[in-house]
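Structure, as structure tokens:
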Amino acid sequence: MSSRIPLDVALIGYQDQGNLGMGYLAAVLQERGRTAEMIDIRDGPEAIATRLISSQPLVVGFSLIFQYFLPQYRRLASFLRQVGIRSHFTIGGHYPSLCHDEILRGFPELDSVVRYEGELTLPELVDHLAAGEDWRPTPGIAYLSEEHVVVTEPRSLVHDLDLLPFPLRPKKPERIGGFPTLPLLASRGCARRCSFCSIHTFYRTAPGKVVRVRKPDKIIEEMLDLQRDFGIRVFLFQDDDFPLWGKAGRRWAEELAGRMHDSGLARSAVWKISCRGEYVEPELFAQLRDAGLFLVYMGIESGVEQGLKILHKEMTTEENLAAVRTLKQVGLLFSYGFMLFDPSSTFESVRENLGFLRKIVGDGSAAATFCRMLPYGGTPIRDLLLREGRLRGDLTHPDYDFVDTRLNEYHRVLSQAVAPWIHNFGLSNELNYAWDEFTAVRRLVSGVTGVEDYDAQLRALTRESNHRLFQLVEESSLAFERGDHAPIDIEAVRLYCEQNVKRLADIRNHFVAENIDRLVEPAGPGSAQGPVLAPQVH
């Protein structure tokens, strides 16, 4: 007989970096006396079914982050039904919330969709089911009734985030630079309206205040708890937009920085944020740097004014360039999102984007990365492409035609060619991980030697890689525009990337070996003594 505690709710989704959405739901359920478990979907249908058959939870909740994972979730749900799981199946996330009609009609195993933030809706749904009551009037859900989609009264967003319990974190922390790492939130919501992003639509469709910010004291309390319980040294703020806007945002940020110093976190930890370039100014970011900030991610997205316009970024290329210059001046590492291709792209704009990338990372300060804008469900740009007759693909693989249809084939060929550079564990991603790791080590480990040499070698390798990547894109775009559809030697690209990943491993391992006695994590709460860095590339 199983000794495991019977489940009220099983939450299934990807557990990368802890999945804060599921963690908050599980914590709220437990606070209300319910048993809840977070299950990684990568455990596989058989293992998940074995767990659920023995417990038959009241509710199985699927956390869908990206819509292209939908077939995987559907296969799992179908398998669970086939082996006798009779639980109420529900699903949540941006795509299910905004496109509930599409998902209910295409996912018949589901009983309901929990729309928008679920901390109030899911426990009420569970209560109704536990009491044998009709669950259908629950506010904040959608369901099918005789082939008709029924949407109940919308549930308001959580007004005060500080009233929520800290999220459940059952998974072992991941590591950056050998240091235990976990995510957390300072806020929810985004005040901007980027056309390609479903986040602002998600928060504006539901009733309630769009952006809500936690008090610095509560953030510090959670960080100290995580440091005590798990030995966390690197914190990743996963806010959609770290709350730095306006005078109120600056006062909040200065208070948070002060609390970092008062608590000792400014000395014992480093942290990363995501924000818009317009918030980046020298005095404030120098204060945040001194309080532990080490990495700033910005969604730059385009180096072309027309691209920024169609993406509705409400910024200029010069503002983004100024933000990058400021971060370099104050000594902060930066990373960025960038869409080399968007619905307004031309061969000329692709090369103009390359010129912008050369300005920000041509010096080797970060490895070049880029992607193509995709028209996700619930976004204004998806609706625009549909009206223009350019929308292609399906629910799980949305796509579109470029105005210059030659770019369709060029993007396909280029994407295949540069995969060893910018996809998964490609060269650019390995280089950026090395920069993250190196910067964390410099900030958290005293007495490290060979810093200048490693910095110079890493910068030179990053600069060379960027130059070669930019050259490949520029030359191939010119060739395609002339009608030459075979300008890229894919095998040569693969070999170059493999060789330089090895070069990176060699210079990194030399740095580690030189400092092996210093790169030891002291024994303490939540972590055993051991090497911070191992002699191998990520």
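The values are calculated or read from the model by the stated rules, or taken from the named source; none is laboratory data. Predicted, not measured: the structure shown is a model, and the values here were computed from it. Neighbour counts are summed over all protein chains in view; Cβ atoms, including those assigned to glycine, are modelled from backbone coordinates with ideal geometry. In case anyone asks, the SASA skips ligands and DNA or RNA and just uses the protein heavy atoms, side chains included. Shrake-Rupley method; radii C 1.70, N 1.55, O 1.52, S 1.80 Å.
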**OP:** Taking the options Ser55, Ser78, Ser87, name whichever one is crowded, with 18+ Cβ neighbours inside 10 Å, without any contact (Cβ under 8 Å) to a residue 60 or more places away in the chain and hydroxyl-bearing (Ser, Thr, Tyr).
**Re:** Ser55
**OP:** Quick one: in the range 212-239, of everything that is basic (Lys, Arg) and within 24 Å of the chain's Cα centre (by Cα), which residue is surrounded by the most Cβ atoms within 10 Å (Cβ to Cβ)?
**Re:** Arg233
**OP:** Those residues that are in a loop (DSSP other than H, G, I, E, B) and open to solvent by 30 Å² or more (accessible area, probe 1.4 Å), I need them from the range 197-211; list them, please.
**Re:** Cys197, Pro207, Gly208, Lys209, Val210
Original post:
Got a sec? Which of Thr379, Thr462, Thr396, Thr439 is hydroxyl-bearing (Ser, Thr, Tyr), surrounded by 14 or more Cβ atoms within 10 Å (Cβ to Cβ), touching a residue at least 24 places away in the same chain (Cβ under 8 Å) and touching a Gly at 6+ places or on another chain (Cβ under 7 Å)?
Top reply: Thr462
Subject >> Tally of residues being open to solvent by 10 Å² or more (accessible area, probe 1.4 Å) and closer than 14 Å to Leu11 by Cα across the range 62-75 >> reply: 2
Original post:
Do you know which of the residues in the range 331-365 that are among the aliphatic types (A, V, I, L, M) and part of a strand (DSSP E or B) is nearest to Tyr376 (Cα to Cα)?
Top reply: Met339
Original post:
Out of all the residues in the range 43-77, which are within 19 Å of the chain's Cα centre (by Cα) and either at pLDDT 95 or above or closer than 16 Å to Leu25 by Cα (or both)?
Top reply: Phe62, Ser63, Leu64, Ile65
Subject >> Which listed residue is under 23 Å from Thr326 (Cβ atoms), open to solvent by 10 Å² or more (accessible area, probe 1.4 Å) and either out of contact with any Ser or Thr (no Cβ under 8 Å at 6 or more places or on another chain) or hydroxyl-bearing (Ser, Thr, Tyr) (or both), from Ser349, Ser344, Ser365 >> reply: Ser365
Subject >> Among the residues listed as Gly277, Gly264, the single one being without any contact (Cβ under 8 Å) to a residue 60 or more places away in the chain and in contact with an Asp or Glu (Cβ under 9 Å, 6 or more places away or on another chain) >> reply: Gly277
**OP:** Go through (1) farther than 30 Å from Val441 by Cα; (2) within 24 Å of the chain's Cα centre (by Cα) one by one and return the number of the condition Leu357 breaks.
**Re:** (1)
Original post:
Mind checking which residues of the range 138-147 are open to solvent by 90 Å² or more (accessible area, probe 1.4 Å) and at pLDDT 95 or above?
Top reply: none
**OP:** Report, ordered by the first and then the second residue, all pairs with beta carbons closer than 8 Å, sequence separation of six or more or different chains, a first member in the range 94-108 that is among the aliphatic types (A, V, I, L, M), and a second member that is in a helix (DSSP H, G or I) and open to solvent by 50 Å² or more (accessible area, probe 1.4 Å).
**Re:** Leu98/Thr205
**OP:** Return the only residue of Ala492, Ala486 being hydrophobic (A, V, I, L, M, F, W, C) and open to solvent by less than 70 Å² (accessible area, probe 1.4 Å).
**Re:** Ala492
Original post:
How many of the residues making up the range 481-523 are over 23 Å from Thr449 (Cα atoms), among the charged types (D, E, K, R) and either in contact with a strand residue (DSSP E or B) (Cβ under 7 Å, 6 or more places away or on another chain) or not in a helix (DSSP H, G or I) (or both)?
Top reply: 2
Subject >> Single match in Gly307, Gly277 (criterion: under 30 Å from Thr379 (Cα atoms) and touching a helix residue (DSSP H, G or I) at 6+ places or on another chain (Cβ under 6 Å)) >> reply: Gly277
**OP:** State whether the residues of the range 411-419 include one that is among the charged types (D, E, K, R), open to solvent by 40 Å² or more (accessible area, probe 1.4 Å) and within 20 Å of Leu504 (Cβ to Cβ).
**Re:** no
Original post:
In this structure, does Leu226 turn out to be in contact with a strand residue (DSSP E or B) (Cβ under 6 Å, 6 or more places away or on another chain), among the aliphatic types (A, V, I, L, M) and in a helix (DSSP H, G or I)?
Top reply: yes
Original post:
Taking Phe338, is it open to solvent by less than 30 Å² (accessible area, probe 1.4 Å) and touching a residue at least 40 places away in the same chain (Cβ under 8 Å)?
Top reply: no
